[in-house]
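Undergrad: Below you will find the structure I want to go over with you.
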Amino acid sequence: MDSRTELREFLSTRRAKITPEQAKLPAYGGNRRVAGLRREEVAMLAGVSVDYYTKLERGTFGTVSEGVLHAVARALQLTIPERDHLFRLAGANAMIRPGERRRPSSVVRQSVQRVVDGLVDAPAFVRSASRDLIAANALGRAVYSPLYEDDPSGTPNTARFLFLDAKARSFFVDWDKTAADMVANLRSELGRDPLNRELTELVDGLNRNSAEFGSLWKAHDVRYHDNGFKAVHHPLVGDLLLTFEAMELPSDPGQSLIVYGAEPGSATADALRLLASWSIPATQTPITRINEDVQQHE
């Protein structure tokens with residue numbers, strides 16, 4: 001991916017979202033060609049020359065100070081994830097490049113796997129930056145059984161499932177929001193690590209094979225999704241409203257530990273206990289084992 005094009009399109013799309021009224025600027029007449037801010041207006045708000053801001057937006061600057069980037073972020077009213085994304089894109093185009101990063105690993109350390117397996121009452125996963133579920137406990141596989149059913153590798157990819165598998169539409173209760181969050185997360189990840197080959201291949205493939213992904217990708221939205229709620233419709237126990245926390249593993253760049261939970265006493269908590277009560281042999285997929293158990297109790 002061309003980082004200069006990424007920077008230009010990111011800044012131009014953010015500029016288009018801010019009206020003169022939101023920026024507390026006069027509208028300067030009714031014949032504006034753009035709904036958002038002009039380059040000269042962003043430059044004025046940021047306290048830089050129009051020529052310099054134009055070079056910044058085009059990615060043709062040599063070096064840029066943190067103060068200027070903070071000023072541009074304030075002028076464009078960027079969120080914290082958007083500001084961080086701007087810094088990463090600017091760093092990819094500046095003369096002084098960020099320091100080398102350790103290559104992401106898809107191997108889960110044994111100590112991390114023990115932690116995941118030890119969480120017997122909570123669905124838990126280890127996720128890569130490219131959204132591969134590279135480790136999971138038994139309850140995690142049971143909750144996400146639709147992802148594991150048709151994946152012979154045993155390492156499903158949540159982004160590919162979301163955009164390329166028809167079952168995702170019924171599994172994720174609010175598919176549109178889930179899709180928008182996923183794309184914004186992936187763009188943030190790519191801004192953080194633009195040389196990540198697996199992540200780049202994932203984005204390229206989804207752009208080729210999913211028009212919906214391509215449309216969302218062009219919006220250049222970025223945000224973090226480190227905690228919150230996930231609503232899914234499980235094929236056997238029905239709707240689950242799960243809380244989640246995502247924690248980066250500092251010793252394993254690109255890997256995050258994701259732990260789900262439920263409000264005590266809720267229907268979701270009861271459903272999780274039901275799923276956890278089934279013994280899931282390693283030779284059987286969760287959905288197969290649970291189906292057999294259901295049939296035995298009918």
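Undergrad: Hey, fewest Cβ within 10 Å first, where do H220, H225 land in order?
TA: Least to most surrounded, the residues fall as H225, H220.
Undergrad: Moving on to the next point. In terms of Cα to Cα distance under 30 Å, which lysines are near enough to K167, apart from those fewer than 8 places away along the same chain?
TA: The qualifying lysines are K177, K218, K230.
Undergrad: Magnitude of the Cβ-charge dipole of region 110-297, K/R +1 and D/E -1, about the Cα centre, nearest 20 debye?
TA: Taking the Cα centre of region 110-297 as origin, the dipole is about 200 debye.
Undergrad: Taking a quarter of the surface of the convex hull around the Cα atoms of region 121-274, what do you get in nm²?
TA: Approximately 8.9 nm², given one-decimal rounding.
Undergrad: Hey, another quick one. As a test of the formula, what do you get for the chain when each DSSP H run with n ≥ 4 contributes -39,500 (n - 2.57) and the sum is divided by the residue count, at 222 nm and rounded to the nearest 500 deg cm²/dmol?
TA: -14500 deg cm²/dmol
Undergrad: Rank L69, G36, Y53 by how far each Cα sits towards the positive end of the charge dipole of region 3-93 (+1 on Lys, Arg Cβ; -1 on Asp, Glu Cβ) and give me just the farthest.
TA: Toward the positive end, the furthest listed residue is G36.
Undergrad: For the chain, what does the relative contact order come out to in percent, with C-alpha contacts under 8 Å and a separation of six or more?
TA: It rounds to 17 percent for the chain.
Undergrad: List the residue ranges in the chain for DSSP H helices whose C-alpha atoms run 24 angstrom or more along the long axis and whose Kyte-Doolittle average is -1.0 or above.
TA: 175-192
Undergrad: Long-range amide H contacts for A136: which residues qualify at under 5 Å (H placed 1.01 Å from N, peptide plane, sequence gap of 5 or more or a different chain)?
TA: V126
Undergrad: In the chain, which longest range has no trypsin sites (Lys or Arg not before Pro) that are both DSSP loop (not H, G, I, E or B) and surrounded by at most 11 other Cβ atoms within 10 Å?
TA: The segment 103-298 is the longest one with no such site.
Undergrad: Would you mind checking which residues have amide H under 5 Å from F172's amide H? H placed 1.01 Å from N; only 5 or more apart, or other chain.
TA: Amide H neighbours of F172, under 5 Å, 5+ apart: H233.
Read-outs: derived from the displayed coordinates by stated rules, not from any lab. Just so it is clear, the structure is predicted and the values come from calculations on it, not from any experiment. All Cβ positions, glycine included, derive from the backbone under ideal geometry; neighbour counts span all protein chains shown.
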